[in-house]
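Peer 1: Handing you a structure now.
The values are calculated or read from the model by the stated rules, or taken from the named source; none is laboratory data. Remember, it's a predicted structure, so these values are computed and weren't measured experimentally. A quick note on method: Cβ atoms are made from the backbone with ideal geometry, for glycine too, and the neighbour counts reach across all protein chains shown.
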Amino acid sequence: MLNTDKFFTPLSIKSGELFDYLNEIVTHDKDLAWETHLGWDAIEVDSNWIQKDYALRSINKLQPIKQLGILKTPPDSFYQFHKDQYRRSTINMLVSEKDAHCFFIENRNDGYYSDCAELMYEPRTYYLFNNQAFHGVTNKSEPRYMFSLYFENEIEYSDLQIKLKSLIDYDPNIVKPINNYVGVSIPKF
């Protein structure tokens, strides 16, 4: 069995109203100005959420965030196993899906098999994601929407785990984040 900590790590700190906002945006999928980004359909998310969402604000203090976005995987597709060319690590959060799966693979070096681990996303949960481990996405039904971000400076996954340890072990009973849409631009539909 694979140690999944080298592929992904859930943060204990959860998304607040950003999750609801993103779900509202994707209900207007056909009206959005999607652009192609490394094979994905992508749309930028207002960077004001970095300050509005408690979790993103906390992440940004430890590792500055450059850009936020939503990546869309079309139905009946498989985004091939790969390592990202540019990103070393990121933070992802599943917005919505019906029958989609993200897998990480590691070659057994036996000429036949690779070990496989699935990231089973939980609602409102941010995940540290190792973009330098082989990963791929299969999507069998409706479009799959993933929130993802770029950092100002690329950082190795293991270094990001160390930097964000306080958010991995975060206790939500200590601080109650308060969010609202004030100061955030709403896409025109």
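Peer 1: Give the number of residues within segment 130-150 that are part of a strand (DSSP E or B) and over 21 Å from Arg108 (Cβ atoms). Outline the logic, then answer.
Peer 2: Taking segment 130-150 first, the residues part of a strand (DSSP E or B) are 130, 135-139, 144-150.
Checking the rest, the ones that are also over 21 Å from Arg108 (Cβ atoms) come to 137, 139, 144-150.
Of the residues in that region, 9 qualify.
Peer 1: Out of curiosity, is Glu118 of a type in the set (Asp, Glu), in contact with a strand residue (DSSP E or B) (Cβ under 8 Å, 6 or more places away or on another chain) and either in contact (Cβ under 8 Å) with a residue 24 or more places away in the chain or in a loop (DSSP other than H, G, I, E, B) (or both)?
Peer 2: No; evaluated as a whole, the condition is false for this residue.
Peer 1: Does Phe147 meet the test of being surrounded by fewer than 19 Cβ atoms within 10 Å (Cβ to Cβ), aromatic (Phe, Trp, Tyr) and modelled with pLDDT of 95 or more? Steps first, answer last, please.
Peer 2: Values: surrounded by fewer than 19 Cβ atoms within 10 Å (Cβ to Cβ): no; aromatic (Phe, Trp, Tyr): yes; modelled with pLDDT of 95 or more: yes.
The answer is no for Phe147.
Peer 1: While we're here: Spot the failing condition for Arg108; the list is (1) at pLDDT below 95; (2) closer than 28 Å to Ile13 by Cα; (3) of a type in the set (D, E, K, R), and only one is missed.
Peer 2: (2)
Peer 1: Also: So is Lys6 surrounded by fewer than 20 Cβ atoms within 10 Å (Cβ to Cβ), closer than 27 Å to Phe103 by Cβ and modelled with pLDDT of 95 or more or not?
Peer 2: Details: surrounded by fewer than 20 Cβ atoms within 10 Å (Cβ to Cβ): yes; closer than 27 Å to Phe103 by Cβ: yes; modelled with pLDDT of 95 or more: yes.
It is true that Lys6 is surrounded by fewer than 20 Cβ atoms within 10 Å (Cβ to Cβ), closer than 27 Å to Phe103 by Cβ and modelled with pLDDT of 95 or more.
Peer 1: Might you check whether a residue that is surrounded by 17 or more Cβ atoms within 10 Å (Cβ to Cβ) and touching a Gly at 6+ places or on another chain (Cβ under 9 Å) occurs anywhere in segment 18-39?
Peer 2: No: segment 18-39 contains no residue that is surrounded by 17 or more Cβ atoms within 10 Å (Cβ to Cβ) and touching a Gly at 6+ places or on another chain (Cβ under 9 Å).
Peer 1: Which residue is surrounded by the fewest Cβ atoms within 10 Å (Cβ to Cβ), if the candidates are limited to segment 86-113 and must be free of Cβ contacts under 8 Å to residues at least 40 places away in the same chain and of a type in the set (S, T, N, Q)? Even if it seems obvious, please write down each step before you answer.
Peer 2: At the first step, the residues of segment 86-113 found to be free of Cβ contacts under 8 Å to residues at least 40 places away in the same chain are 101-103, 105, 107-113.
Applying the additional criterion that residues be of a type in the set (S, T, N, Q) yields 107, 109.
Numbers: Asn107: 11, Asn109: 8.
This residue is Asn109.
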